[in-house]
Each structure stands twice: as C-alpha cells, then as structure tokens.
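First up is the structure itself, then whatever we jot down about it.
Bear in mind that the values in this text are calculations on the coordinates, not laboratory data. Source: prediction; values computed, not measured. Cβ: placed from backbone, ideal geometry, glycine included. Neighbour counts: every protein chain shown.
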Amino acid sequence: MRNAIIVFAAALAFSPMLVQEPVEACLHGPSSYTVPIRAGSQAGLIFFADGRQQIVIRPGYTVEEPAKGKEKVKDDASSKLTSLAWLIPVPSLPDSYKEADDKMFNKLADFTKLQEPDDQNWGKGARSAGGAALGGMEEDGVAFEEAVKVGSYTIQPIKAKGELGGKELNAWLKDNGFGEVAEDALKYYIEKEHFWLAVRLHNAKGLPADGSIKPLQFGFATEKPCYPVKINKGRGSFDLDLWLITNKEVDLEKTKAQGLTTFEQDDPEVTQKNRETRFSALPEPVRKIAVDDAGLKALKVGKLYCYRFSAEGVDSTIDLGKLETDFTFEFKAAAAKPGTKTKE
C-alpha cells in the first residue's frame, strides 16, 4: 500500500510524532491517532511592501503506511486523522487571516516556470498596514490574544515574554496537544519578541490525502520579508518552494547563503519566467492574496519582482542550527540617479 501524502497549509514544525522519546513542538494529530506523521514538502508565498507582509503557507506531511495487522490508512482520507495542531512563530501579531485558494500554488508555479533564454516573457501587458507593535508586555509571562476562526482553522495567538513566559507557554502547549518547543528555538523567538500562532485544523470526516486542504494566509507587520523555519530544527528534513513578490530587487547572494536558490543560480543557462512583472499580470488567485490589503498598495502600480526560490533538505543539507535567523530577504541598495552627487 502506498503512503498517503497529505498536503495541508502552514506550519513550520514537522517531525515524527507519537514516538517513545520526548515529543517537542511539532505537527500533532489527535491522541488516539497512532500512525506516524513525517515531514513533507512545503510551499510558501510572500507579498511584501513598506513593512507589511501577507504570507500563504502550505506545508506538507506524510501519513506512513501502518505496520501489518494495524489499522490501515485509506487512500482518500485517513479515517481517524480528523485534526492537526502546530505552531507558527511570527514577528508581530497578525491582523488578518484567510483560507487561500488551494489551486494558487499550481498557478504560481506555471507563471514562474523555468524557460530557455530565447523564450523570455517578463509579464508586460482589508486591513491597513501595521499590526501589533513588538513587545507591549510589561511583565514576564504569557498573554493570549483573541482566538480566530477561519474556515476549518482555529488560531490562538499567544505572546510570551521572558523565562517565565517560555515556561508557561510550553506548559500550555503541552496541555493542549501542541507538544513543547525545544529550548534553543524557544529562546530564539522569545528574544526576538515573536508571537506564536497555535493553529488547529479540524475536519470531522477526516483530512483528505489528495492535497485539497486549503493553504492558510495571514498578514502582519515586519521590517523585512521573512519565512519561519528555525522552529523546524530537529523535526525532519523537507524541501521548500517559496515565492516572494515585492517592488524592490532582492540581494540573491544573501538568500543563496541561507540555502535559498533561484533557477538561474542552480543553472546559469536557464531563466525564470516572469521575474519582472506587474500586479495586473499575476494569476487571479495570486493577486487575490494582496488585492484588499491597503498596506500593500505600493505593489499595485509599477514594476514588480517575482522571485521563485527552492531549498532542498531543510534541516539536513541546510543546517537550521547554523542559521542566525529565519529565512529573511535583503534588498539591493537603490542605484543613484544620473547627476546625483554622492556624499564624500
């Protein structure tokens, strides 16, 4: 019997579950579900402008084939796997949540597909920005923001401050079926004053194995575009496809140093279709992610850069323990206009 591959939507903490060694924060099913869940490939999309980010994440996982004599996992759904819980650390409290179109990543992959140099086509032809400021807590401890219900998702934003906050956060996560966060990851995100999104996906009929679960989208304020990965340390290797759409050129040497590469960096003889484009040229499901976000209004006019990155073997080939930050993106310095005098 082949493995059942289930693709859902954003989390970034996948590892073997229900094993004998201590279980840390990872993707968790109901306590009665005994089939191991392993890390799978992830897909992500970031829109960024002027300190505002909308992100869509579709992580993947594999429900393993049960041992002989054990309960089988159906090809169309895993009958007992009705809910999943995971954590997503973010630099500020999100102010919007949605279920994204499950066909969006297929449209985006076709829009940015690999092409030969002589077949280039550069694509010619809600809420306000902001979000909660970092910090905001005077005393060490843990604070719970209002929970949000979006489609099949329930999202509990949490803020933890200081050593006491870390301990209280881990105690709550353990009691509520999320597992515990590893000490080094906990220290990293608390020092950076991140919020934690405790996300639960539920479907009483069982979660499908055909990739039909919708990705999760949310928006927040951040100084630089970012994609959370350090929380995956020690949770199993996975591959990542990641797109960034913005109005400034990215320093690709710095992203390459993190382990994120473009088509051109992998093979100088090829290029990515629609690297330079305009908002109106983006596929409709992709435009929909940013169209109602006033904080991204700068992306609606003028040239855009649409970067397609890939990362193979995250937390194996790419050692998350050696990354100083989550995946982040630096922009190239703006070129001086002709006739502009430089400061001495």
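For the peptides 188-199, 158-169, the ranking by packing is 188-199, 158-169, with the highest mean count of neighbouring Cβ atoms within 10 Å listed first.
The GluC sites (Glu not before Pro) of the stretch 228-329 meeting both criteria, a DSSP state outside H, G, I, E and B (loop) and at most 16 other C-beta atoms within 10 angstrom of the site's C-beta, are 249, 269, 324.
The modelled label-to-label distance for the pair residue 269/residue 223, using points 7 Å beyond Cα in the direction of Cβ, is 4.3 nm.
Computed over the alpha-carbon atoms, the stretch 226-287 gives an Rg to Rh ratio of 1.00, Rh here being the Kirkwood radius from the mean inverse distance. Neighbours of residue 164, meaning other residues whose beta-carbon lies under 9 angstrom from its beta-carbon, give a summed charge of -2 when Lys and Arg score +1 and Asp and Glu score -1. The local environment of residue 56, defined by Cβ-Cβ distances under 13 Å, has a net charge of +2 under the rule Lys, Arg +1 and Asp, Glu -1. Stokes-Einstein, applied to the Kirkwood radius of the stretch 212-321 over Cα pairs at a viscosity of 1.567 mPa s and 4 °C, places its translational diffusion at 82 µm² s⁻¹. Need the C-alpha centroid separation for the stretch 145-169 versus the stretch 226-293, integer Å. Between the Cα centres of the stretch 145-169 and the stretch 226-293 lies a distance of 28 Å.
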